[in-house]
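One structure below.
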Amino acid sequence: MLPVVFMVGAVIGWAITSSLLGAIAGAIVAVLAAFAVQYAVGTRSVQEAKVAVPVDLTAPTPKPLTSESYAALSLAARNAVVARLVAQASARSLEEVVDLLPDLMGRTRVQTEAKLRATASVMEDSSRGRVNRVAAAAVCAGEVKLAARSSVPNNDRTRAAVERNWGAAVDEDTMTTATLAARLPRIDRSVSELVDDAVNGRANLAFVVGTIRKVGEYHAREMAKIR
């Protein structure tokens with residue numbers, strides 16, 4: 001990318017000044033502008049991701065932690081529960097995991113090389129021996145419940161249109177089944193398989209939670225399109 005920007009800047013500089021110095025100056029200005037734009041986009045992406053993944057560490061983890069008690073929490077409190085479990089499973093500090101949570105959940109559109117390495121390292125360090133399987137299962141079940149609930153049409157007219165298209169009733173049970181059956185082409189895994197991976201330490205819990213939420217959002221968008 002930078003070589004292209006350099007060449008374009010040099011051509012513009014030459015066209016304006018008809019001199020070698022002008023071409024060099026144009027190339028330098030173009031590269032500096034590209035870095036400035038990249039920094040601005042990256043900063044905005046990080047800010048948007050943190051807004052999308054709020055964390056309230058003052059909120060305690062429910063005892064007992066069940067799918068129902070988890071689903072009843074606010075988004076920020078749920079994220080705190082996930083961060084604590086990921087920190088435990090990866091043997092990382094809670095502060096580091098909280099900082100990486102938007103990246104682990106796939107909410108950051110632009111990542112620095114350092115963030116990419118840190119995220120990959122945390123994902124790789126999730127250990128089967130350190131995963132709290134009961135807690136991970138409760139979190140995943142709660143997220144599936146919320147994803148299904150959020151994708152059920154919220155008015156009778158839309159629900160009727162969706163049911164005509166589907167040829168079946170659309171309720172929380174139906175959308176739970178649809179959420180678990182959803183398949184992710186890039187990794188060739190269904191949500192149900194990802195949940196099993198998270199519970200058994202083969203996948204990072206934050207990644208799986210982020211994926212479940214995205215599936216719920218996708219279904220909600222698709223429902224909204226049906227009239």
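Quick note: the coordinates plus some simple rules give every number you see, no bench work behind them. Remember, it's a predicted structure, so these values are computed and weren't measured experimentally. FYI the Cβ positions are ideal-geometry reconstructions off the backbone, even for glycines, and counts take in every protein chain you see.
Worth a mention:
- Extension gain for Ala52 to Glu217 (0.36 nm times residue separation, less C-alpha to C-alpha distance): 58.1 nm.
- Ascending count of other beta-carbon atoms within 10 Å, so fewest first, for Glu68, Glu163: Glu68, Glu163
- With neighbours defined as other Cβ atoms within 10 Å of a residue's Cβ, the residues Glu95, Glu113 order from fewest to most as Glu113, Glu95.
- Proximal aspartates and glutamates relative to Lys115, as straight alpha-carbon distance under 20 Å, when same-chain residues fewer than 8 apart are discounted: Glu48, Glu95, Glu96, Asp99, Asp103, Glu124, Asp125
- Fully extended contour minus Cα-Cα distance, from Thr177 to Asn132, at 0.36 nm per residue: 13.7 nm
- Estimated distance in nm for a label pair at Ser93 and Asn200, the labels positioned 7 Å out from Cα along Cα-to-Cβ: 3.5 nm
- Figure legend: label point modelled 7 angstrom from the Cα of Thr61 along Cα→Cβ; no residues of region 187-212 have amide N under 11 Å from it.
- Gained length - Asp156 relative to Ser69, 0.36 nm times residue gap less alpha-carbon distance: 28.4 nm
- Karplus-derived HN-Hα couplings along region 116-124 (A = 6.51, B = -1.76, C = 1.60, θ = phi - 60°), whole Hz, x at Gly and Pro: 4, 5, 5, 5, 4, 5, 5, 4, 5
- Along each principal axis, Cα extent of region 67-225, largest first, Å: 49, 33, 29
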